[in-house]
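**Student:** The following block contains the structure, expressed as structure tokens.
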Amino acid sequence: MTTLTVQVDETLLQKTQALAKAKEASLDEIVLDLLKTAVDQNDPLNQADSPEERGRRWDEMMEQFGKYDTGGPFTRDELNER
């Protein structure tokens, strides 16, 4: 593991320490859990999801591109023109 140094407001640090104490966890464990949660929530193809869920999320993401007109379909020759 790598060491991470951050500057934290004193009030936030005290609240986080209280949370760690309430959960009987270390401050490191709380911060690591929060970082993992943030990454998992923002990963469009979260590996923890089932294959069906990943497929559904992929389809949702690809639907966003349907509103753009690319002018296609193109022939092979048109695609390879320079």
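**Student:** Out of the residues in the stretch 33-67 that are small (Gly, Ala, Ser) and under 30 Å from residue 17 (Cα atoms), state the one that is modelled with the lowest pLDDT.
**Tutor:** Going through the qualifying residues, I end up with 48.
**Student:** Scan the stretch 1-18 and report the pairs whose first residue is under 15 Å from residue 34 (Cβ atoms) and whose second residue is among the β-branched types (Val, Ile, Thr) and part of a helix (DSSP H, G or I), with Cβ atoms within less than 7 Å and a gap of 6+ or a chain change.
**Tutor:** Going by the 7 Å Cβ cut-off, the qualifying pairs are 16/30.
**Student:** With the structure loaded, tell me whether residue 22 is modelled with pLDDT of 85 or more and surrounded by 10 or more Cβ atoms within 10 Å (Cβ to Cβ) or whether it fails that test.
**Tutor:** Against the criterion (modelled with pLDDT of 85 or more and surrounded by 10 or more Cβ atoms within 10 Å (Cβ to Cβ)), residue 22 does not qualify.
**Student:** For the stretch 32-42, state whether one or more residues are in a helix (DSSP H, G or I) and loosely packed, with under 10 Cβ neighbours inside 10 Å.
**Tutor:** Scanning the stretch 32-42, I find at least one residue that is in a helix (DSSP H, G or I) and loosely packed, with under 10 Cβ neighbours inside 10 Å, so the answer is yes.
**Student:** Shifting gears a bit: Against the definition (part of a loop (DSSP other than H, G, I, E, B) and modelled with pLDDT of 80 or more), how does residue 70 come out, yes or no?
**Tutor:** Criteria not met by residue 70.
**Student:** Out of all the residues in the stretch 45-57, is one or more acidic (Asp, Glu) and either assigned to a helix (DSSP H, G or I) or closer than 21 Å to residue 4 by Cα (or both)?
**Tutor:** Among the residues of the stretch 45-57, at least one is acidic (Asp, Glu) and either assigned to a helix (DSSP H, G or I) or closer than 21 Å to residue 4 by Cα (or both), which makes the answer yes.
**Student:** Continuing with the same structure: Taking the condition modelled with pLDDT of 85 or more and not in a helix (DSSP H, G or I), does residue 11 pass?
**Tutor:** no
The values are calculated or read from the model by the stated rules, or taken from the named source; none is laboratory data. Fair warning: this is a prediction, and the values are worked out from it, not measured in the lab. Note that we place each Cβ from the backbone using ideal geometry, even for glycine, and neighbour counts take in every protein chain shown.
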